[in-house]
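Input: a single structure, listed below in structure tokens.
The values are calculated or read from the model by the stated rules, or taken from the named source; none is laboratory data. Every value quoted in this text rests on a predicted model; they were computed, and no experiment measured them. Cβ atoms come from the backbone with ideal geometry, glycine included; neighbour counts cover every protein chain shown. Please note that ligands, DNA and RNA were not included when accessible areas were found on the heavy atoms of the full protein model with its side chains. Shrake-Rupley method; radii C 1.70, N 1.55, O 1.52, S 1.80 Å.
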Amino acid sequence: MSSTFLFIIALAAIVIWIAQSQELMKPSKEQNGRKIVTLTAGGSLLTLVLTISLFQDILF
């Protein structure tokens, strides 16, 4: 993958994890469970894509 594409994915992952952290900092009565699950799934997926692409670049 191109470095520009990976940079965009990395920025998106950072934004998603920050949004999830902000949602988790709210009092429990104000937290939106669906939003937390969606942000966690999206952040995990983008982090997995980044991890796989970085491991493919390692020369053994």
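General observations
- First in the stretch 1-21 and more than 28 Å from residue 31 (Cα to Cα), second anywhere and open to solvent by less than 90 Å² (accessible area, probe 1.4 Å), Cβ under 7 Å, 6 or more apart: 1/53; 6/50; 6/53
- Identity of the residue in the stretch 8-35, polar (S, T, N, Q) and part of a helix (DSSP H, G or I), that ends up surrounded by the most Cβ atoms within 10 Å (Cβ to Cβ): 20
- Just one of the listed residues (47, 38) is modelled with pLDDT of 95 or more, open to solvent by 80 Å² or more (accessible area, probe 1.4 Å), among the hydroxyl-bearing types (Ser, Thr, Tyr) and assigned to a helix (DSSP H, G or I), and it is 38.
- The set of residues in the stretch 23-60 being among the polar types (S, T, N, Q) and more than 19 Å from residue 2 (Cβ to Cβ) consists of 28, 31, 32, 38, 40, 44.
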